[in-house]
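Colleague: Dropping the structure in here first, questions after.
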Amino acid sequence: MRPLLTLLLLPVAVGADWPTLLGPTRDGVSAEAGIVAPWPRDGLRKLWDCPLGLGYAPPVVAGGKLYHFDRFGDDCKLTCRDAATGKELWAYSYPTAYEDFYGYDPGPRACPVVDGDRVYVYGPDGVLACVGTADGKERWKLNANEKYHVHQNFFGVGSVPVVHGDLLLIAVGGSPPGRRPIDLREAKPDGTCIVAFDKTTGAEKWRTGADLASYSSPVVKAVGGKPTGLYFARGGLFAFDPATGAERFRFPWRAKTEESVNAANPVVVGDRVLLTECYGPGAVLLDVKAGQPAVVWSDAERERNEEALKCHWNTPVVNDGFVYGSSGRNTGDADLRCVELATGEVKWRQRRTYRCTLTLIDGHLICLNEGGRLSLLKVNPAKYDEVSGYTVPELAYPCWAPPVVADGRMYVRGKGRLICLELVPKK
């Protein structure tokens, strides 16, 4: 265990890849430098674009290849492209009959995950598949919704798997066999909140957790001197040993209403964990150094409309003790905020930014709002400090996927289209 712990505690050597949700460190932070700043008046130079199917997931990039996962007709389709040119190299698909309860696009919500010579996809219908990065040939596949009797959540499956050593950890959230209750609050968990699979064969290795799935994704971090899995499940934070599944602790945190979801990932800074949601209690900062969560500050103790941070599906980013995130449940009431992590004090807020996603890079924040406006902001806890901004003409609502940066190129998606922009000029 000591070599793994040492690896988790050391700074991650970040190359040009962006192989999973929110990048190689799963926190929305890029180590690249030399970005164009300010941007040209007409915006960044477009290198290529391509049509997409239905869905909301961002692409990922590894080994010079870009992967995007969408729905075309009655198929969920993983497409592999040359990351520099956009040329299609291969595609893998499987049939799906998924229908969304609320009429949203029936395409994937979770992005692919690349690990070595394998890429994993987890569809809205609960289908989990592993294919080879060289040719797109299927290595293994299973339907987690059927295998673990998952009651369909409001918008299907949306949690991104995480690779930990030889394991693939996925949020399942199954229930005992039976009909889905009319009110999802009455659904009973059966101990499969998180299921670990052998990443090369798909064989189950362990299962853990008495909770249902959410739209957040698991993360593995060194907490209290130990590698710790953290998942913001439907009912709250679930912490576990990522090697064995043994439960570490729980912390209940969710809105009381049935039609509510937890979607932002846990944000881990040292031995503190920030949770944030937008349907009820807002944000809470926990100190977990002693192995059990202790509340540092909580929005649940504040007056209505005085909460620090109420993120919807976007995970905030942290820099030098300050949290930057989009706060608000709906398009019209969302604003961009800077919050002091230690106290929950709001340092500034920029209203009418719509809901947006953030990527931290080279002393700046790249902000993409759901209407397709890109902004470049200086990281500044004292004020909203916009350097450049423009609406990308090819992007259409909803632009809910966060910007992806790899090898100097930035990839952004909106409805039906993926665009590659030059962010770091080649020398």
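Colleague: With just the Cα atoms of the range 71-128, tell me how far they stretch along each of the three principal axes, in Å, largest first.
Modeller: Principal extents (Cα only, largest first): 37, 21, 17 Å.
Colleague: By the scheme Lys and Arg +1, Asp and Glu -1, what is the net charge of all other residues having a beta-carbon under 11 Å from that of Arg248?
Modeller: Residues close to Arg248 contribute a combined charge of 0.
Colleague: Stokes-Einstein at 25 °C, 0.890 mPa s, Kirkwood radius from Cα pairs: D for the range 307-362 in µm² s⁻¹?
Modeller: D = 220 µm²/s.
Colleague: If you don't mind, there's one more thing I want to ask. Explain nothing, just the number: relative contact order of the range 34-117, from Cα pairs under 8 Å at least 6 residues apart, as a whole percent.
Modeller: That works out to 29 percent.
Colleague: Okay, moving on. Using only the Cα atoms of the range 89-164, what do you get for the radius of gyration and for Dmax, in Å?
Modeller: 12.7, 37
Colleague: Based on the Cα gyration tensor of the chain, what are the three equivalent ellipsoid semi-axes, each the root of five times an eigenvalue, rounded to whole Å and given largest first?
Modeller: Taking √(5λ) for each Cα gyration eigenvalue gives 29, 27, 21 Å.
Colleague: Beyond a 19 Å Cα-Cα separation, which of these cross-linked pairs lie in this structure: Lys310/Lys347; Lys289/Lys347; Lys188/Lys289?
Modeller: Those over the limit are Lys289/Lys347; Lys188/Lys289.
Colleague: OK, next. Express the relative contact order of the chain as a whole percentage, based on alpha carbon pairs under 8 Å and six or more residues apart in sequence.
Modeller: This gives 14 percent for the chain.
Colleague: What distance in nm lies between label points placed 7 Å from Cα along the C-beta direction at Asp198 and Phe72?
Modeller: It works out to 3.4 nm between the two label points.
Colleague: I've got another one for you. Below 16 Å, Cα to Cα, which aspartates and glutamates can Lys226 reach? Residues fewer than 8 away in the same chain don't count.
Modeller: Within the straight-line limit of under 16 Å, Lys226 reaches these aspartates and glutamates: Asp241, Glu247, Asp271, Asp287.
Colleague: Can you pull the Rg over Rh of the range 374-427, Cα-only, Kirkwood?
Modeller: Expressed as Rg/Rh, it is 1.01.
Colleague: Can you list the GluC sites (Glu not before Pro) in the range 66-154 that are in a DSSP coil and have 14 or fewer other beta carbons within 10 angstrom?
Modeller: When the GluC sites (Glu not before Pro) of the range 66-154 are filtered for loop state and at most 14 Cβ neighbours within 10 Å, Glu99 remain.
Colleague: Shape call for the range 39-191 from the C-alpha gyration tensor, a ≥ b ≥ c root eigenvalues: rounded (a/c under 1.5), prolate (a/b greater than b/c) or oblate?
Modeller: Prolate.
Colleague: Still on this structure: Along the range 118-126, what does the Karplus equation 6.51 cos²θ - 1.76 cosθ + 1.60 (θ = phi - 60°) give for ³J(HN,Hα), rounded to whole Hz, x for Gly and Pro?
Modeller: For the range 118-126, the Karplus curve yields 10, 10, 10, 10, 9, x, x, 8, x Hz.
Colleague: What trypsin sites (Lys or Arg not before Pro) in the range 53-150 are in a loop by DSSP, with at most 12 other Cβ atoms within 10 Å of the Cβ?
Modeller: Lys87, Lys137
Colleague: On to the next question. Please work out the ratio of the alpha-carbon Rg of the range 197-272 to 2.2 N^0.38 Å and round it to two decimals.
Modeller: Dividing the Cα Rg of the range 197-272 by 2.2 N^0.38 Å gives 1.15.
Colleague: If you don't mind, there's one more thing I want to ask. Cross-link candidates for Lys87: which lysines have Cα within less than 27 Å, leaving aside residues fewer than 8 places away along the same chain?
Modeller: Straight-distance partners of Lys87: Lys46, Lys65, Lys77, Lys137, Lys141, Lys415, Lys426, Lys427.
Only the coordinates and a few stated rules stand behind these numbers; no lab work does. Small disclaimer: the values here were computed from a predicted structure and weren't measured. Positions of Cβ are backbone-derived with ideal geometry, glycine not excepted, and every protein chain shown enters the neighbour counts.
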